[in-house]
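Derivation of every value follows stated rules applied to the coordinates shown; laboratory data play no part. Only a predicted model underlies this, so the values are computations on that prediction, with no experimental measurement involved. Neighbour counts are summed over all protein chains in view; Cβ atoms, including those assigned to glycine, are modelled from backbone coordinates with ideal geometry.
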Amino acid sequence: MAFLVETIGKRTLRAVNGMGKMMIFLYATIASLVFPPYRVSRVVKQVHFIGVKSLFVIVLTAAFTGMVLALQGYYTLQKFGSEGLLGSAVALSLIRELGPVLSALMVTGRAGSALTAEIGIMRIGEQVDSLESMGIDPVKFLISPRLLGAVLSVPLLTAIFDVVGILGGYLVGVKLLGVNAGIFFGQMEASVEWNDVANGLIKSLVFGLIIAWVCTFKGYFTGRGAEGVSQSTTSAVVLSSVLVLVSDYILTSVLL
Amino acid sequence: MSETSFVCEPCGLEELPAPDGKPVIRLVGVEKTLDGKKVLDGVNLDIPRQRITAIIGLSGAGKSVMLKHMIGLIRPERGQILIDGVDISRLSRRELYKVRRRFGMLFQGGALFDSLTVFDNVAFPLQEKTDMGEEEIREKVLGRLAQVGLEEAQGKFPDELSGGMVRRVAFARAMVTDPEIILFDEPTTGLDPIIRNSILNLICHTYHQHGFTMVMISHDIPDIFQWSHYVVVLHDGKVVEAGPTAEVVSSVNPFVQQIIRGDITGPVHLM
């Protein structure tokens with residue numbers, strides 16, 4: 001019994017300690033964004049890495065998501081004689097939920113894992129210590145531009161995801177299954193409100209922050225050697241993805 | 001550029017005129033535990049100003065940890081790290097960054113930034129921490145690269161360099177800001193004897209030229225004794241011997257004699 005209590009106690013303390021460390025890391029990163037010098041070029045570089053280089057995978061995922069939504073939606077709505085609502089069903093699903101969530105998961109897989117591995121390798125190769133020894137704050141130099149880059153990129157990628165997804169839905173719904181184009185877009189315009197778009201963007205901002213926060217944290221405090229970096233990368237992807245889905249539920253319940 | 005194209009006149013280590021005689025770095029009762037193991041156990045040590053001090057000891061003796069304490073990369077659990085009388089273990093992060101401007105450090109693997117060229121790696125501390133203009137930085141960087149015999153490699157990336165070249169670039173970067181103190185974490189480990197001696201020779205020449213205080217971790221025993229004024233022997237987180245090189249070499253301490261001779265029998269049994 002004593003052993004069980006001791007084990008639970010140890011794990012709880014470790015978890016609380018880990019969460020505290022993550023919060024301090026986030027605070028230090030945001031605080032370092034406030035004070036000069038401001039390195040705009042480094043942020044632009046990260047927007048290019050996280051945003052531009054993720055475009056292909058985002059466009060591909062979005063197109064097929066929209067297409068499958070239209071296909072599934074059409075056969076479901078047809079049962080109720082409501083095929084005309086296909087446009088709004090595709091658009092609302094993408095803008096409210098699938099756009100932000102799938103974009104975040106794709107960015108986690110493509111860019112988040114790379115962020116963890118890059119910073120982890122810098123840590124084990126003593127490059128982070130080297131920055132410290134030169135009197136350069138590694139959080140400001142390495143982490144802040146990546147956090148800001150992700151917070152700027154993920155909403156933009158989500159917007160692209162939404163547009164491409166709707167186009168995919170249009171191709172299948174209108175061109176393949178024969179739904180009237182005017183009805184498809186007319187219903188969409190009537191049902192999608194600015195609030196839906198704003199909620200989707202708020203979600204994607206939060207997801208961008210979560211991805212950059214978790215992935216840079218895991219890289220910054222990586223374990224020893226190649227195995228340590230590999231474990232950090234895996235746990236960064238898993239934790240980011242889980243946090244994205246959990247925060248999606250919380251945000252949806254708050255924003256609805 | 002070949003690895004051995006860097007040649008300079010053999011250096012005979014001399015002592016520059018002694019300054020005030022006060023130690024520049026002083027460790028007082030420093031204790032540190034890492035992963036449940038006491039790595040530094042009440043270390044008391046003085047590093048003399050404008051001298052080359054070599055730290056020797058077995059692997060895992062705490063040498064690198066001690067070096068990182070000197071520049072504030074690791075904070076001690078107990079004790080003081082005094083740099084010219086200022087305890088850096090109590091300083092805020094911002095104050096510590098100011099103190100670090102007095103230091104240059106060469107890490108074991110060089111710790112060069114992979115995405116930057118040789119030139120940019122050396123220029124990096126100047127670009128980040130000084131108000132120097134582009135032309136001034138260029139002049140200074142090329143000067144330092146010439147000093148280490150690598151001006152022709154300025155456009156290369158670290159993965160295009162050999163181990164010895166990486167250490168030389170790292171050395172150029174460590175001294176580009178004209179620091180007062182340079183710390184070397186095993187600058188010659190894993191290099192062949194010719195490259196190793198050329199790097200030690202370079203360190204010696206740089207000392208004569210600039211009069212930096214240099215602290216160097218080394219496993220090159222007994223060769224390191226001809227390149228250092230002072231020697232510190234560390235074992236199990238404790239300083240077992242420290243003093244002028246000649247005194248340490250003639251020490252009667254059986255552990256010191258074992259490590260100098262590399263005997264497999266003696267107070268330390270590894271197997």
- In the neighborhood of B:His235, defined by Cβ-to-Cβ distances under 11 Å, what is the net charge if each Lys or Arg adds +1 and each Asp or Glu adds -1? -1
- Message: Straight-line reach only, C-alpha to C-alpha below 30 angstrom: list the lysines that A:Lys79 could link to, leaving out same-chain residues fewer than 8 apart.
- Response: A:Lys175
- Sort B:Arg261, A:Arg42 so the one with the fewest other Cβ atoms within 10 Å of its own Cβ comes first. B:Arg261, A:Arg42
- Beyond 19 Å, what share of the Cα-Cα pairs of the stretch A:126-256 is found? Please give it as a whole percent. 64 percent
- Looking at the stretch A:92-193, what % of the alpha carbon pairs are farther apart than 20 Å? 56 percent
- Among A:Ser93, A:Ser153, what is the fewest-to-most ranking by other Cβ atoms within 10 Å? A:Ser93, A:Ser153
- Note on the structure: For chain B, the percent of all C-alpha pairs falling in each 5 Å bin, from 0 up to the bin holding the max distance, is 1, 6, 13, 16, 19, 17, 14, 9, 5, 1, 0, 0
- Query: Once the other residues with Cβ under 14 Å from the Cβ of A:Arg96 are scored (Lys, Arg +1; Asp, Glu -1), what is the net sum?
  - Reply: -4
- Task: Once you have the Kirkwood Rh of the stretch A:31-87 from its Cα pairs, apply Stokes-Einstein at 20 °C and 1.002 mPa s and quote D in µm²/s.
- Result: 144 µm²/s
- Taking the Cβ of B:Ala172 as the center, what net charge do the other residues with Cβ under 14 Å away carry, scoring Lys and Arg +1 and Asp and Glu -1? +2
- With both partners inside the protein assembly as shown, how many of the DSSP beta bridges are antiparallel, as a percent to the nearest 5? 55 percent
- Item | Most fluctuating residue given options B:Lys32, B:Lys98, B:Lys68, as computed from a GNM of chain B linking Cα atoms under 10 Å | B:Lys98
- Quick one: what does P(r) look like for the protein assembly as shown with 10 Å bins over all Cα pairs, in whole %? 4, 15, 22, 20, 15, 10, 7, 4, 2, 0
- Which of the peptides B:182-195, A:52-65, B:165-178 is most tightly packed, and how do the rest follow, judged by the mean count of other Cβ atoms within 10 Å per residue? B:165-178, B:182-195, A:52-65
- Message: How many angstrom lie between the Cα centre of the stretch A:1-70 and the Cα centre of the stretch B:106-136?
- Response: 29 Å
- Task: Sequence neighbours fewer than 8 away in the same chain don't count; with that in mind, list the aspartates and glutamates whose C-alpha is under 16 Å from B:Lys140.
- Result: B:Asp120, B:Glu128, B:Asp131, B:Glu151, B:Glu152, B:Asp178
- Is there a simple number for the mean count of other chain Cβ atoms within 10 Å of the Cβ of residues in B:110-118, and what is it? 3
- Note on the structure: Sorted by chain and then number, the residues having a modelled amide H within less than 5 Å of the amide H of B:Val239, at least 5 places away or on another chain, are B:Asn44
- Item | Positive-end residue, chain B charge dipole about Cα centroid, Cβ charges, pick of B:Pro125, B:Tyr207, B:Ser92 | B:Ser92
- Query: So which of B:Lys32/B:Lys68; A:Lys140/B:Lys156; A:Lys10/B:Lys68 end up more than 21 Å apart, counting from Cα to Cα?
  - Reply: A:Lys140/B:Lys156; A:Lys10/B:Lys68
- From other protein chains only, count the Cβ atoms within 10 Å of every residue's Cβ in B:123-135, then give the mean. 2
- In a GNM of chain A with a 10 Å cut-off on Cα contacts, which of A:Arg14, A:Arg146, A:Arg39 has the highest mean-square fluctuation? A:Arg14
- On a C-alpha basis, how far is the centre of the stretch A:226-246 from the centre of the stretch A:183-198 in Å? Whole number, if you could? 36 Å
- Assertion target for B:Asp220, B:Asp84, ordered by fewest C-beta neighbours within 10 angstrom first, is B:Asp84, B:Asp220
- Message: Percent of Cα-Cα pairs more than 35 Å apart in chain A, please.
- Response: 27 percent
